[in-house]
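Colleague: First the structure, then my questions, so here it is.
No value in this document is a laboratory result; all are computed from the given coordinates. Every value quoted in this text rests on a predicted model; they were computed, and no experiment measured them. Quick reminder, even Gly has a Cβ in these numbers, built from the backbone with ideal geometry, and neighbours come from all protein chains shown.
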Amino acid sequence: MLWRKIIGFWKTIAVASVIAYGCLLRKPLYTLPPIEGGDKWVHWLAFLVLTLVLLWDSRAAGLKSWKMWLVAIGIPVVYGGFIEILQEQFFYPRTGEWMDWLADGVGVCMGVICWRIGMWWHERRVGK
């Protein structure tokens with residue numbers, strides 16, 4: 001039964017795996033354009049997408065409202081911190097940075113805001 005619930009979150013697991021792969025490579029696959037704080041924008045966008053997909057999967061799994069929000073905010077924030085710790089401890093020359101974790105958190109917050117706006121718009125159009 002638990003396995004069936006985990007499989008229901010396959011999209012979230014896929015996005016989280018891509019994020020981990022990108023963050024834990026010893027040598028990045030790409031170089032960012034010379035934009036101030038460019039890697040923070042990547043963190044922000046990655047965790048915005050992770051949050052939106054997690055909310056989508058949580059809703060499809062039928063999680064109650066407060067559980068859905070606890071999962072959608074808590075898991076990505078903890079996951080982002082965990083990745084930063086792994087980078088610092090095991091993936092030299094990668095380093096864990098507080099600002100990366102903050103960018104992850106901002107992405108999570110923006111994902112929640114985008115989800116709420118989308119749900120408001122959907123309810124307004126459907127007339128729920």
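Colleague: How many nm separate the modelled label positions at CYS109 and HIS122, each set 7 Å beyond the Cα in the direction of the Cβ?
Modeller: The two pseudo-label positions are separated by 2.4 nm.
Colleague: Can you give the relative contact order of the chain as a percent, counting alpha carbon pairs under 8 Å and 6+ residues apart?
Modeller: Answer for the chain is 33 percent.
Colleague: Considering the Cα trace of the stretch 73-124, what is its radius of gyration and what is Dmax, both in angstroms?
Modeller: 14.7, 50
Colleague: Now, a different point. Take the Cα coordinates of the stretch 39-116, assign each an equal point scatterer, and use the Debye formula without solvent to give log10 I(q)/I(0) at q = 0.10, 0.14, 0.17, 0.27 Å⁻¹.
Modeller: Scattering profile of the stretch 39-116, log10 relative to I(0): -0.24, -0.45, -0.62, -1.17.
Colleague: Ignoring everything except DSSP H segments at least 4 long, calculate the 222 nm mean residue ellipticity for the chain; use -39,500 (n - 2.57) per segment, divide by total residues, nearest 500.
Modeller: -26500 deg cm²/dmol
Colleague: While we're looking at this one, here's another question. Given a Förster radius of 25 Å and the C-beta distance between ARG59 and THR95 as r, what FRET efficiency does 1/(1 + (r/R0)^6) yield to the nearest 0.05?
Modeller: 0.10
Colleague: Additional query: What's the longest uninterrupted piece of the chain once you rule out the chymotrypsin sites (Phe, Trp or Tyr not before Pro) that are loop residues per DSSP with at most 15 other Cβ within 10 Å?
Modeller: 31-90
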